């Protein structure tokens, strides 16, 4: 029988018949059998440093900004008779934005997601109180009276708080819960990235 390929070569004396040994993991490729079969590990990206103080500071600022924005949106959605369309999904958006900011700025500190819950709940509650004060002020001024928003917030806050508690129901509890959970999840997620 004839063959179209050369016969196998016999190893020289003292040479390994199975080829050269495999290089250790991460070593540069070696010539010969199975050299460089495993690629070197990917470089590890440097971790962001924790900045809890800045995360908390930005969390307080985000709470105030989101409370003002949420109150303004509630006032924009109100009617001239003092009623308003109840669109509480905005409360979840407030929690999302607060959690995103706290996580992005604060880093990996495990206390920041818990702080984000507190900030989000404060932003939602303060935003609803501010929105109620804006609506009441607008209603009084549209009927010939004079009662400013700051007067309501600083001199009639007890009455404003009683009104807010009177309207407290299961839906509001759910939206506060979902807003807090969204803040926790996003602060944790963006803090780890």
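Derivation of every value follows stated rules applied to the coordinates shown; laboratory data play no part. The model shown is predicted, which means the values in this text are computed figures rather than measured ones. Please note: Cβ atoms are built from the backbone with ideal geometry, for glycine as well, and neighbour counts cover all protein chains shown.
The alpha carbon centroids of the stretch 51-68 and the stretch 132-177 are separated by 24 Å. With neighbour counts taken as other beta-carbon atoms within 10 Å, the residues 83, 63 rank, fewest first, as 83, 63. Here the residues 167, 50, ranked from fewest to most Cβ neighbours within 10 Å of their Cβ, fall in the order 167, 50. Distance between the 7 Å Cα→Cβ label points at residue 150 and residue 9: 9.3 nm.
Length available on full extension from residue 73 to residue 167: 0.36 nm per residue minus the Cα-Cα distance, which gives 32.0 nm.
Counted residue by residue at 0.36 nm each, then reduced by the alpha carbon distance between them, the extension gain from residue 54 to residue 181 reaches 43.6 nm. The value of relative contact order for the stretch 52-192, using C-alpha pairs under 8 Å at least six residues apart, is 39 percent.
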